[in-house]
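Asker: One structure follows; several queries about it will come next.
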């Protein structure tokens, strides 16, 4: 800061502390709710310190699920994990290959191909849900992991990110590798791939979160409850507006649904920030 | 920008680009063109036959009072969420940018809500403000307000805005912080030497220099409210009470569900596509993007 003002410093701490408090409070409540039984929550006087039902709640939720969504949340988490990993890995794979082709080769319709991919950047799956649903249904992919994953891989974010990164790699590297007699495959494997590791990791973090948090698409194409992901599973638990909603199970599920992506952000914060900032360029 | 050195041959690059092309065409261009085509068709009650009806679906849409209401709802919802999440994020970022100890820890503690799914964020806030059991509904009811987001449209909208804002602050915070840190300290020092106090410096120097970031975030936030908040709305209000929190995207979903009005739903999709393309075009036009071809 330009001048030293203890009061301004104090206000900065105070504002940030308040901000963190507001941001954390809803999650704190959910964690607390996951340690009580339904009756304690339903009467509206839930204490703000942990209760003693945590083990029971997590055990029941993970292995058996609730009264309404009779599906173990452990299985839902498994589905979410497959979908998130599938989307992240699938996107990285197809986009690093297409970016390699667009940057390092000259071939007919190269610019056209780039634009065809680039335009998809603008249209999220929400604006074409029913036709996409119909195609996936016609291909017999309802209630399959392929159906959950494939349509969400079709986007340009990854290709643009890799393309931008490849552009910063000096041409001399390709020239040197050519002189050494390396072909397209060797150059990719020995030079490009090792250099791209950070970019790959950053894209992975962002896409994992994106995949895990998908809502509308899994909601449409999963009809079997065994294929549900955790994010849509929680909705089944609270739609019943009667007093029978098992809030302890719903909140335990909410905590479990937040855990993997939040851990990824906290543990890989540097990669996360890099991925977030660069995919938006 | 082009590479000087290239690898020769063109069968290999075509093979490399094939997977992405195939997926893009099958799951993107094909359904998008189907949406456009369907928006000109009307299916009979049994979904067996359809006839070409031109712009009738669009005309019918613009005769629906519900469509205008969804537009107004979307406009109110987006502007409230964009305003509050930008304002809160800027306040927090400008404090975190000050030379204080533990800046990194503050950053970590503020960014993680980005990772929470919109639907889950909605459920968290619904639980907190649930009319009968919510921890924070009691103090509200104590002030004499009959708080009930299940029945009162304004309360429902308030809850949606709160949860959507909560989730978006972390994203805006990160970009504002990066923007603030990119402003050269010498500019701020010069203003200070000229006698400008912290507030004056903020509004006359820092805020104008941040405007590219702010504008970029504004567009991103609007797109966020349009699409990503679907999960929040579906989990918290389901578009109700009485359709009063139904946004444009939610209406596309609700109208087409269970093979309902597919033509009308498709026409709405097409209008949404046009809105998004316009927003993106505005962003390209006015924000200096670093993408080059």
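The values are calculated or read from the model by the stated rules, or taken from the named source; none is laboratory data. What you see is a predicted model, and the numbers here were worked out from it, not measured in a lab. Positions of Cβ are backbone-derived with ideal geometry, glycine not excepted, and every protein chain shown enters the neighbour counts.
Asker: All but one of (1) in contact with a helix residue (DSSP H, G or I) (Cβ under 7 Å, 6 or more places away or on another chain); (2) in contact (Cβ under 8 Å) with a residue 40 or more places away in the chain hold for residue B:106, so report the exception by its number.
Answerer: Condition not satisfied by residue B:106: (2).
Asker: Here are the criteria: (1) assigned to a helix (DSSP H, G or I); (2) facing chain B (nearest Cβ under 8 Å). Tell me which single one residue A:44 does not satisfy.
Answerer: It fails just one condition, (1).
Asker: Right, something else. Quick one: is residue B:82 within 13 Å of another protein chain (Cβ to nearest Cβ), part of a helix (DSSP H, G or I), within 18 Å of the chain's Cα centre (by Cα) and at pLDDT 85 or above? Before the answer, list the steps.
Answerer: Working: within 13 Å of another protein chain (Cβ to nearest Cβ): no; part of a helix (DSSP H, G or I): yes; within 18 Å of the chain's Cα centre (by Cα): yes; at pLDDT 85 or above: yes.
Considered against the rule, which asks whether it is within 13 Å of another protein chain (Cβ to nearest Cβ), part of a helix (DSSP H, G or I), within 18 Å of the chain's Cα centre (by Cα) and at pLDDT 85 or above, residue B:82 comes out as no.
Asker: Sort out which residues of the range A:18-46 are more than 20 Å from residue B:162 (Cβ to Cβ) and within 28 Å of the chain's Cα centre (by Cα), and write them in order of number. So that I can check it myself, show each step before the final result.
Answerer: In the first step, residues of the range A:18-46 are kept if they are more than 20 Å from residue B:162 (Cβ to Cβ); the result is A:34-43, A:45.
Matches in the range A:18-46: A:34, A:35.
Asker: Just wondering, is there one or more residues in the range B:239-247 that are buried (at least 18 other Cβ atoms within 10 Å of the Cβ) and either assigned to a helix (DSSP H, G or I) or free of Cβ contacts under 8 Å to residues at least 12 places away in the same chain (or both)?
Answerer: Of the range B:239-247, the ones buried (at least 18 other Cβ atoms within 10 Å of the Cβ) are B:239, B:245-247.
Keeping just the survivors that are either assigned to a helix (DSSP H, G or I) or free of Cβ contacts under 8 Å to residues at least 12 places away in the same chain (or both) gives none.
No, that holds for no residue.
Asker: Can I ask one more? Yes or no: the range A:57-72 includes at least one residue that is at the interface with chain B (Cβ under 9 Å from one of its Cβ atoms) and either modelled with pLDDT of 90 or more or surrounded by fewer than 16 Cβ atoms within 10 Å (Cβ to Cβ) (or both).
Answerer: Taking the range A:57-72 and keeping what is at the interface with chain B (Cβ under 9 Å from one of its Cβ atoms), we get none.
No, the range A:57-72 contains no residue that is at the interface with chain B (Cβ under 9 Å from one of its Cβ atoms) and either modelled with pLDDT of 90 or more or surrounded by fewer than 16 Cβ atoms within 10 Å (Cβ to Cβ) (or both).
Asker: Do you know which residues across the range B:110-140 are more than 24 Å from residue A:253 (Cβ to Cβ) and in contact with a helix residue (DSSP H, G or I) (Cβ under 6 Å, 6 or more places away or on another chain)?
Answerer: Our first condition is that a residue be more than 24 Å from residue A:253 (Cβ to Cβ); within the range B:110-140, this holds for B:110, B:138-140.
Result: B:110, single match.
Asker: Could you look through the range B:21-52, keep only residues that are buried (at least 16 other Cβ atoms within 10 Å of the Cβ) and part of a loop (DSSP other than H, G, I, E, B), and pick out the one that is farthest from the other protein chains (Cβ to nearest Cβ)?
Answerer: Residue satisfying both the conditions and the ranking: B:40.
Asker: Please state which one of A:81, A:76, A:32 is surrounded by fewer than 21 Cβ atoms within 10 Å (Cβ to Cβ) and touching a residue at least 40 places away in the same chain (Cβ under 8 Å). Quick ask: steps written out before the conclusion?
Answerer: Details: A:76 fails: surrounded by fewer than 21 Cβ atoms within 10 Å (Cβ to Cβ); A:32 fails: touching a residue at least 40 places away in the same chain (Cβ under 8 Å).
Exactly one residue qualifies, and that residue is A:81.
Asker: Kindly indicate the residue of the range B:1-20 that is assigned to a helix (DSSP H, G or I) and more than 7 Å from chain A (Cβ to nearest Cβ) and also modelled with the lowest pLDDT among those meeting that condition. Write out each step before concluding.
Answerer: As a first pass, look at the range B:1-20 and keep what is assigned to a helix (DSSP H, G or I): B:11-20.
Retained after the next criterion (residues that are more than 7 Å from chain A (Cβ to nearest Cβ)): B:11, B:15, B:18.
Numbers: B:11: 86, B:15: 90, B:18: 91.
If we take residues in the range B:1-20 being assigned to a helix (DSSP H, G or I) and more than 7 Å from chain A (Cβ to nearest Cβ), then B:11 is modelled with the lowest pLDDT.
Asker: When only residues in the range A:247-272 that are assigned to a helix (DSSP H, G or I) and more than 29 Å from residue B:126 (Cα to Cα) count, which is farthest from the other protein chains (Cβ to nearest Cβ)?
Answerer: Residues of the range A:247-272 assigned to a helix (DSSP H, G or I): A:247-267, A:269-272.
Restricting the remaining residues to those that are more than 29 Å from residue B:126 (Cα to Cα) gives A:270-271.
Working: A:270: 10, A:271: 13 Å.
The selected residue is A:271.
Asker: Moving to a separate point now. Just checking, how many residues over the range A:162-177 are buried (at least 16 other Cβ atoms within 10 Å of the Cβ) and either within 28 Å of residue A:219 (Cβ to Cβ) or free of Cβ contacts under 8 Å to residues at least 24 places away in the same chain (or both)? So that I can check it myself, show each step before the final result.
Answerer: Start the filter on the range A:162-177 by keeping residues that are buried (at least 16 other Cβ atoms within 10 Å of the Cβ), which leaves A:162-166, A:169, A:174, A:177.
Right, trim to either within 28 Å of residue A:219 (Cβ to Cβ) or free of Cβ contacts under 8 Å to residues at least 24 places away in the same chain (or both) and you get A:177.
Looking only at that region, the number is 1.
Asker: Suppose we filter the range B:151-170 for residues that are outside any helix (DSSP H, G or I) and buried (at least 24 other Cβ atoms within 10 Å of the Cβ); how many remain? I'd like the intermediate steps shown before the answer.
Answerer: Taking the range B:151-170 as the starting set, the residues that turn out to be outside any helix (DSSP H, G or I) are B:151-152.
Next cut, buried (at least 24 other Cβ atoms within 10 Å of the Cβ) only: none.
Qualifying residue count for the region: 0.
Asker: Residue B:195: in a loop (DSSP other than H, G, I, E, B), more than 9 Å from chain A (Cβ to nearest Cβ) and surrounded by fewer than 20 Cβ atoms within 10 Å (Cβ to Cβ), yes or no? Please lay out each step first, then the result.
Answerer: Working: in a loop (DSSP other than H, G, I, E, B): yes; more than 9 Å from chain A (Cβ to nearest Cβ): yes; surrounded by fewer than 20 Cβ atoms within 10 Å (Cβ to Cβ): yes.
Here the answer is yes, as residue B:195 does meet what is asked.
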